[in-house]
Amino acid sequence: MYEIEFIIDSKLDFLVLKIFNCFFLFLTFKLKANFTLLKKIILTFLLLYALGMFLSLNMNSKYKVFTYKSTMWADAAGYYMYLPVSVIYQWNYDALPPGIDTLTGSGFYLLEDEKVVFTKYTSGISYLQLPFFLSTHAYAKLTKQKADGFSKPYVNAMLFSGVFYMLLGLFLLYFVLNSFFDKRASLFAVLGLVLCTNLYFYGIEHPGLSHVYSFFLGALLLFIINKYREKKLLIVIPLMALLVLIRPTNLLLVAMLLVFYFNLVSWADVKKIGAPKILLSLALGFLVFVPQMFYWHYVSGNWITYSYKGEGFTNWNSPKILEVLFAPLNGFLTYAPIFILAFIGLFYKPINKIFTLGVLALFLLLIYVNASWWSWQFGCAYGGRAFVDYYPFLAFGLAAFIQRNVFLNSKTKIVFALMFLVFVTYNILFIYGYDDCWYSTTWDYGYILNVLRGELS
């Protein structure tokens with residue numbers, strides 16, 4: 001701390017300077033306190049990021065490039081291909097490595113007759129992967145490695161990207177939860193997400209898919225809305241647009257975010273923002289879609305294209321709801337039973353009654369939508385991967401359940417600790433024993449035991 005000394009000519013000057021000096025000392029203290037806290041947060045993040053990358057690189061080191069276990073395979077390659085095709089090859093079809101679509105699991109296709117690169121997946125996550133891709137491309141050139149956008153360094157870049165956004169999402173979510181719950185409940189809710197669910201799988205082992213990026217954006221938007229309310233609309237709407245660009249069904253996630261938003265911000269506050277600012281934010285949100293529209297025009301001649309031809313919600317009249325929730329084949333609650341506690345916790349009205357009713361209603365709609373998709377199990381997956389995007393909202397229910405029930409006395413602490421340990425063990429054992437694809441029938445619970453015992457068929 002530094003004292004500010006001035007030559008005092010009058011009692012009034014003395015009083016003014018004393019007030020200024022006290023304010024200066026207070027501001028210095030606050031800045032130092034905030035800086036100290038910020039240093040602790042950054043250090044903790046870096047240490048956990050190093051641990052996450054060790055786990056991810058270690059797990060993926062045994063998976064060869066251009067095999068189905070590789071991170072850059074099938075759907076992940078389809079989302080990713082925008083980066084190398086744009087940055088390295090400038091959409092020059094003839095410059096692309098021959099057969100690279102097949103080598104990466106046909107997540108995209110080189111259409112020889114039309115001389116175009118086709119993917120049914122949208123470009124949303126490439127916005128977030130871009131910094132990691134560019135740094136890796138520069139690194140590959142400097143070290144004279146194969147700088148083609150598809151070699152091992154680029155696969156590892158997807159790992160660095162996915163782990164980073166998963167971890168940052170968890171940090172942001174913790175701060176949001178801590179605004180409504182105590183530190184212990186907030187911490188255990190976040191730990192429950194990463195250790196007891198398939199978020200670990202899609203953040204550590206297979207972070208090339210869209211889910212961990214949607215999870216991050218959901219947590220980021222919750223943080224911005226909670227901290228700044230109506231003041232950051234210019235950021236909120238474009239980020240919501242990016243969520244929808246990543247996965248169109250994230251419209252339901254945007255709806256949940258709006259439920260949260262209007263529980264904190266009144267219509268009167270929104271009106272105070274003013275029409276010009278609202279229109280500008282909507283325009284910025286539209287700009288997020290513009291590159292995708294140019295891509296659709298490039299492959300089809302139309303500015304808006306439904307790229308999932310031959311796929312759709314063919315089970316509207318007979319949705320596979322029980323399968324989506326409880327089947328051994330990628331059932332949501334089958335592999336994340338901790339969320340049963342989260343749904344119970346939502347009934348405790350963690351924010352208010354309207355929030356609970358809105359989130360539960362949208363979750364019911366989400367279950368119905370996923371159960372109506374032609375491939376309700378979502379292909380080779382672990383658990384209900386289509387639900388990962390929505391975990392930030394289940395975290396509210398989980399934190400509410402923990403705060404209300406767990407820390408009451410020693411007995412409830414012990415019971416919860418044992419349950420938590422069982423959930424963690426079950427999840428981690430399955431992740432490290434699973435072969436990424438389900439090779440048995442829909443309702444074969446015995447196959448789960450085979451995986452847990454390491455007896456793969």
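Summary table below
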{"item": "Sole exception among (1) surrounded by fewer than 24 Cβ atoms within 10 Å (Cβ to Cβ); (2) assigned to a helix (DSSP H, G or I); (3) in contact (Cβ under 8 Å) with a residue 12 or more places away in the chain; (4) not acidic (Asp, Glu) for residue 222, by number", "result": "(1)"}
{"item": "Candidate set: the range 234-272, residues that are among the hydroxyl-bearing types (Ser, Thr, Tyr) and surrounded by 13 or more Cβ atoms within 10 Å (Cβ to Cβ); chosen: the one nearest to residue 385 (Cα to Cα)", "result": "249"}
{"item": "Candidates 350, 328, 319 - the one that is of a type outside the set (Gly, Ala, Ser), surrounded by 16 or more Cβ atoms within 10 Å (Cβ to Cβ) and either at pLDDT below 95 or not in a loop (DSSP other than H, G, I, E, B) (or both)", "result": "350"}
{"item": "Any chance residue 283 is in a helix (DSSP H, G or I), more than 21 Å from the chain's Cα centre (by Cα) and small (Gly, Ala, Ser)", "result": "yes"}
{"item": "Residue satisfying condition, being under 13 Å from residue 77 (Cβ atoms), part of a helix (DSSP H, G or I) and touching a residue at least 12 places away in the same chain (Cβ under 8 Å), within set 106, 186, 135, 126", "result": "126"}
{"item": "Qualifying residue in the range 229-249 (condition: touching a helix residue (DSSP H, G or I) at 6+ places or on another chain (Cβ under 7 Å), part of a helix (DSSP H, G or I) and under 22 Å from residue 436 (Cβ atoms))", "result": "yes"}
{"item": "Single condition residue 275 does not satisfy, out of (1) of a type outside the set (Phe, Trp, Tyr); (2) within 27 Å of residue 372 (Cβ to Cβ); (3) exposed (fewer than 12 other Cβ atoms within 10 Å of the Cβ)", "result": "(2)"}
{"item": "Yes/no for residue 213 being in the same structural domain as residue 173 (by TED's automatic domain parsing) and surrounded by fewer than 20 Cβ atoms within 10 Å (Cβ to Cβ)", "result": "no"}
{"item": "Extreme residue, surrounded by the most Cβ atoms within 10 Å (Cβ to Cβ), among residues of the range 363-388 that are polar (S, T, N, Q) and under 17 Å from residue 333 (Cβ atoms)", "result": "370"}
{"item": "Count - residues of the range 277-299 that are closer than 30 Å to residue 111 by Cα and either among the β-branched types (Val, Ile, Thr) or at pLDDT below 95 (or both)", "result": "3"}
{"item": "Residue 360 being under 22 Å from the mean Cα position of the chain (by Cα) and either surrounded by fewer than 18 Cβ atoms within 10 Å (Cβ to Cβ) or aromatic (Phe, Trp, Tyr) (or both)", "result": "yes"}
{"item": "Residues of the range 369-405 that turn out to be within 16 Å of residue 356 (Cα to Cα) and not in a helix (DSSP H, G or I), as a count", "result": "0"}
{"item": "Answer residue from the range 204-219, given it is of a type outside the set (A, V, I, L, M), part of a helix (DSSP H, G or I) and in contact with a Gly (Cβ under 6 Å, 6 or more places away or on another chain) and is farthest from residue 44 (Cα to Cα) among those", "result": "215"}
{"item": "Test: residue in the range 299-307 that is part of a helix (DSSP H, G or I), surrounded by 13 or more Cβ atoms within 10 Å (Cβ to Cβ) and either in the same structural domain as residue 395 (by TED's automatic domain parsing) or in contact with a His (Cβ under 7 Å, 6 or more places away or on another chain) (or both)", "result": "yes"}
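The values are calculated or read from the model by the stated rules, or taken from the named source; none is laboratory data. All of these numbers come straight from a predicted model, not from anything done at the bench. Note that each Cβ is placed from the backbone with ideal geometry, even for glycine, and that neighbours are counted across all protein chains shown.
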